[in-house]
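Read the figures in this text as sums done on the coordinates, not as results from a lab. Treat the numbers as computed from the prediction; the structure is a model and nothing was measured. Cβ atoms come from the backbone with ideal geometry, glycine included; neighbour counts cover every protein chain shown.
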Amino acid sequence: MTRHKVLRLLPLILIACSSSDSTGPTATNAVDVRDNLFSPSAVTVTREATVTWTWRGSDIHNVVFEDGQGSSTQKASGTHARTFAGAGAFRYRCTLHSTSFTSGMVGSVQAQLPPLPPL
């Protein structure tokens with residue numbers, strides 16, 4: 001294939017490679033607490049972002065973080081928010097509907113450093 005043809009196809013290749021995977025992390029600051037699941041279950045935010053969990057089901061749930069910081073009380077309605085001051089992976093779960101941070105009603109927040117400005 002000639003270089004000219006590759007350059008013409010490059011935008012199509014980039015679009016195909018950037019299609020989103022519905023099971024992967026979502027760049028959002030909002031998580032729904034539904035009956036027995038968090039939606040989305042994995043989010044990616046920049047460091048210093050605040051994520052808000054909103055109860056949308058009818059059952060009682062909580063949001064308990066593995067690091068023990070910023071957890072919510074048990075409730076059936078309302079919201080809970082946590083600001084992620086540092087970068088890292090933060091796993092959480094509903095202690096009423098999961099027995100570990102790896103199965104059941106679980107979720108995660110990936111807090112990343114903001115992108116560097118262009119030079």
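General observations
- Scanning residues 5 or more positions from residue 38 or on other chains, those with amide H under 5 Å from its amide H are 106, with H placed 1.01 Å from N in the peptide plane.
- In order along segment 72-81, phi translates into HN-Hα couplings of 9, 8, 6, 7, 10, 7, x, 9, 9, 10 Hz, rounded to whole numbers, per the Karplus curve 6.51 cos²θ - 1.76 cosθ + 1.60 with θ = phi - 60° and x for Gly and Pro.
- Packing, as the average of other Cβ atoms within 10 Å across residues, places the peptides 45-53, 68-76 in the order 45-53, 68-76, highest first.
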